[in-house]
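Accompanying notes for the structure given below.
The values are calculated or read from the model by the stated rules, or taken from the named source; none is laboratory data. The structure presented is a predicted model; accordingly, all values stated were derived computationally and were not measured. Cβ atoms come from the backbone with ideal geometry, glycine included; neighbour counts cover every protein chain shown. Ligands, DNA and RNA are stripped out before the accessible areas are found, and what is left, the full protein with its side chains, is counted by its heavy atoms. Shrake-Rupley method; radii C 1.70, N 1.55, O 1.52, S 1.80 Å.
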Amino acid sequence: KSISNFWQMYRLFCNNKTLECINFFEHCLDVEIDNSLCYSQVFENTLDKIKNWLENDEKKLIIDDVDNDILASVIKRIFRFAPAAGGLVVINNSIVAIERNGIPDLPKGHIEKGESPDVAAVREVQEETAISNLSIIKQLPSTQHCYMLNNQWTLKHTSWYLMRTDDDFKPTPQQEEGITKVFLLNKNNVKDFLEKTFVSLRITLEEEILKIINN
């Protein structure tokens, strides 16, 4: 089932800044772009507005008055897309978390060419934590965050999946990926995790995380 069926408003994060596109949804980016749209004044204005948000200190930008096809064209013009996938792994009402480059996170990584997001999510969790026998319970809302890489704005779209495993918790952090710690989230440490993790992850997945831990 495509995450677009969740009809989740498109929200893009850049560090602690947020771009909210009202009435625009993820599946709008799947449509083939009409290049003639790129010559309109609305396209130019929207392009300038989003670039200004990316490059300056404006914390929040809301776009609610731009045609979906034009907005999709702008997003595709600005960003290189880097699809990723990851998992919330449930073990006895706790969730597997990691610390990567000093920041609390959930296991995730890039989707390889020809790989489906669900297969990539399971593979990345296994590689980053050494936890196996994973099975997917359901798909969760995805996250979108962007960053500058090699002078190109890159948009990382991460597909998230709720998973379970019956294996004992005997993790091994994938140190070559900057992961120094694999640990369990529970009632004692979830507040600290949510305060220190990425804002995109907190806003998008906090409700699901707390539901599992407080169950």
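Miscellaneous remarks
- Whichever residue in the range 82-102 is open to solvent by 50 Å² or more (accessible area, probe 1.4 Å) and either at pLDDT 95 or above or within 12 Å of the chain's Cα centre (by Cα) (or both) and, among such residues, is farthest from ASN151 (Cα to Cα): GLU99
- Cβ-Cβ under 9 Å pairs, at least 6 apart or on other chains, the range 143-168 side closer than 25 Å to SER132 by Cα, far side among the charged types (D, E, K, R) and outside any strand (DSSP E or B): HIS157/GLU26; SER159/ASP118; TRP160/GLU208; TYR161/ASP118; LEU162/GLU208
- Matching strands (runs of 3 or more DSSP E) fully within the range 83-154 where at least 1 residues are of a type in the set (Asp, Glu): 94-100, 103-105
- Here VAL125 passes the criteria (1) under 28 Å from PHE193 (Cβ atoms); (2) in contact (Cβ under 8 Å) with a residue 40 or more places away in the chain except the one numbered (2).
- In the set LYS59, LYS108, LYS51, LYS76, only one residue is among the basic types (Lys, Arg) and within 17 Å of PRO141 (Cβ to Cβ); that residue is LYS108.
- Residue ID - least open to solvent (accessible area, probe 1.4 Å), chosen from residues in the range 58-81 that are of a type outside the set (A, V, I, L, M) and in a loop (DSSP other than H, G, I, E, B): PHE79
- Residue match in the range 17-26 (condition: in contact with a Leu (Cβ under 9 Å, 6 or more places away or on another chain), in a helix (DSSP H, G or I) and modelled with pLDDT under 90): no
- Among all positions in the range 134-147, there is at least one residue which is over 23 Å from LEU12 (Cα atoms), out of contact with any His (no Cβ under 6 Å at 6 or more places or on another chain) and surrounded by 15 or more Cβ atoms within 10 Å (Cβ to Cβ).
- Considering the conditions (1) among the acidic types (Asp, Glu); (2) farther than 23 Å from ILE203 by Cα; (3) open to solvent by 90 Å² or more (accessible area, probe 1.4 Å), GLU55 is excluded by exactly one of them, (2).
- Considering the range 175-198, the residues that are in a helix (DSSP H, G or I) and open to solvent by less than 20 Å² (accessible area, probe 1.4 Å) include one that is nearest to GLN144 (Cα to Cα), namely LEU194.
- Candidate set: the range 25-43, residues that are under 10 Å from LEU71 (Cβ atoms) and in contact (Cβ under 8 Å) with a residue 40 or more places away in the chain; chosen: the one surrounded by the most Cβ atoms within 10 Å (Cβ to Cβ): LEU29
- The requirement of being within 24 Å of PHE193 (Cα to Cα) and surrounded by fewer than 21 Cβ atoms within 10 Å (Cβ to Cβ) is not satisfied by GLN152.
- Count - residues of the range 9-18 that are under 12 Å from LEU71 (Cα atoms) and either of a type in the set (A, V, I, L, M) or open to solvent by 20 Å² or more (accessible area, probe 1.4 Å) (or both): 0
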